[in-house]
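The values are calculated or read from the model by the stated rules, or taken from the named source; none is laboratory data. Model, not experiment: these values are computed from the prediction. Neighbour counts run over all protein chains shown; Cβ positions are idealised from the backbone, glycine included.
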Amino acid sequence: MAKQYLNQCCFCCTLETGGYVIGWLTIIFGCLGLIGSAILVAGGIAAFNQDNLKDDEKTALTLFIAIFSVYVVFTIIYTIGGILLVLGTKRREHRKIIMMLVIMGIGVVFSFLNLITDATAGTIVSSIIGAIIQVYFLVCIYSLYAKIKNENENLGTYNYNK
């Protein structure tokens, strides 16, 4: 049996509602990030194809295109995680929630790395607050995962047919 740490998300709604809200916000912001990144990559490619560019400008544009192309891939993965969170919550399939747990866990690790590497006073405070919020939402989604997993184990079903 998985350990369920919380019974509510944000102290006022069910874990399922929290899963839906986090999932849909992930999908919305993932799609917006994907559109923005794709526009930036397309603009970078268009600028790169100009004939009057110097070598250092081509190098900078190549780096720009590479960074935002990687960001497009991460945004697609992030959006898929949100979709699976919504589907896993709706269909009561705990295995579909795992991808979002991994993504959120990676986000928490990067938040703490940012806290360690960026040592200015203003960023330390905002990084600590951001990391605490991310850990809280990770615990909320893990609790949802544990709740659904425990229900499925107690019922002897894993919703394979949906």
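Remark: pairs (first residue in the stretch 117-140, touching a residue at least 12 places away in the same chain (Cβ under 8 Å); second residue polar (S, T, N, Q); Cβ separation under 6 Å; 6+ apart in sequence or on different chains) = S127/N114; G130/S111; A131/S111; Q134/S111.
When the stretch 15-58 is filtered for residues that are surrounded by 14 or more Cβ atoms within 10 Å (Cβ to Cβ) and not in a helix (DSSP H, G or I), only L53 remains. Among residues of the stretch 116-143 being of a type in the set (S, T, Y) and surrounded by 12 or more Cβ atoms within 10 Å (Cβ to Cβ), the one that is farthest from M100 (Cα to Cα) is T123. Can you find a residue in the stretch 70-82 that is part of a helix (DSSP H, G or I), of a type in the set (V, I, T), at pLDDT 90 or above and more than 26 Å from G105 (Cβ to Cβ)? The answer is no, given that none of the residues of the stretch 70-82 is part of a helix (DSSP H, G or I), of a type in the set (V, I, T), at pLDDT 90 or above and more than 26 Å from G105 (Cβ to Cβ). Residue count for the stretch 115-162 under the criterion of being modelled with pLDDT of 80 or more and among the basic types (K, R): the result is 2. Is the stretch 100-115 home to any residue that is closer than 17 Å to G18 by Cβ, surrounded by 18 or more Cβ atoms within 10 Å (Cβ to Cβ) and over 17 Å from the mean Cα position of the chain (by Cα)? Scanning the stretch 100-115, I find no residue that is closer than 17 Å to G18 by Cβ, surrounded by 18 or more Cβ atoms within 10 Å (Cβ to Cβ) and over 17 Å from the mean Cα position of the chain (by Cα), so the answer is no. Among the candidates T89, T123, the residue that is assigned to a helix (DSSP H, G or I) and in contact with an Asp or Glu (Cβ under 9 Å, 6 or more places away or on another chain) is uniquely T89.
When G130, G88, G82 are checked against the criterion of being closer than 19 Å to T26 by Cβ and under 11 Å from the mean Cα position of the chain (by Cα), a single residue qualifies: G82.
For beta carbons closer than 7 Å, sequence separation of 6+ or different chains, a first residue in the stretch 79-98 that is surrounded by 21 or more Cβ atoms within 10 Å (Cβ to Cβ) and a second that is of a type in the set (D, E, K, R), the qualifying pairs are G88/K96; T89/E16; H94/K149.
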